[in-house]
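Visitor: Below is one structure. I have some questions about it.
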Amino acid sequence: MEVKEAIERAKTNDQIAFNFLLDSFWNSIYGFQLKRTENENDAEDITIQTFSKAFDKIHTYNDQYEFKTWLITISKNIHIDLLRKRKSSISHTSNSDEDDGFHAIIDESPSPEDKLITEQNLAKLLRDIKKLKPHYQEVINLRYFQELSYKEISQQLDEPMNNVKVKLLRAKKLLAEIIKKK
């Protein structure tokens, strides 16, 4: 799949296209933010928010610009907003009030990562999950072991639903890579 095709498919809420775009550009955006923030957690959070916002607004993407440039612009703006919030030390999040018209990032059909994860022996799977960063462990636990909906996870973590969906996509991808290495 090529980037242009993936973008067009993502506009129709195609999960495989979202996964492709996330995989293709994650390292670039994360690396960009790691240089800016010099903090792995901030870089990861900003990258998750970047993809969340990009997937939510993918229909507004103008193909006269490089997709990576568009993502970096979103990423820069999120970082600037984060710095402003920290400066003014306002504790409430403006994201929680946004209209979440983006329920279809992830359809319920199992992805290759889902299939790989469910085929694992439970004890081995739990050991593998412990290799993930704590916020990925938490979202996997809430979704697959406590069987919460995206909305319930969003409420429990006090995060926008889009962030939960992107975090879960990323967590499944990382977990599948851990499983495949064996």
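Visitor: On full extension of the chain, what length is gained from LYS35 through GLN64, given 0.36 nm per residue of separation minus the C-alpha to C-alpha distance?
Guide: 7.8 nm
Visitor: For the range 30-92, what is the charge dipole size about the Cα centre, in debye to the nearest 20, if Lys and Arg each add +1 at the Cβ and Asp and Glu each add -1 at the Cβ? Please report the intermediate quantities before stating the final value.
Guide: Numbers: 10 positive and 9 negative charges, 63 e Å.
The calculated dipole for the range 30-92 is roughly 300 debye.
Visitor: Rounded to the nearest 0.05, what FRET efficiency do LYS57 and LYS85 have when you use their Cβ-Cβ distance and R0 = 22 Å?
Guide: 0.60
Computed from the coordinates by the stated procedures, all read-outs in this text should not be read as laboratory data. Computed from a predicted structure; not experimentally measured. Here Cβ is always computed from backbone atoms with ideal geometry, including for glycine, and neighbour counts include all displayed protein chains.
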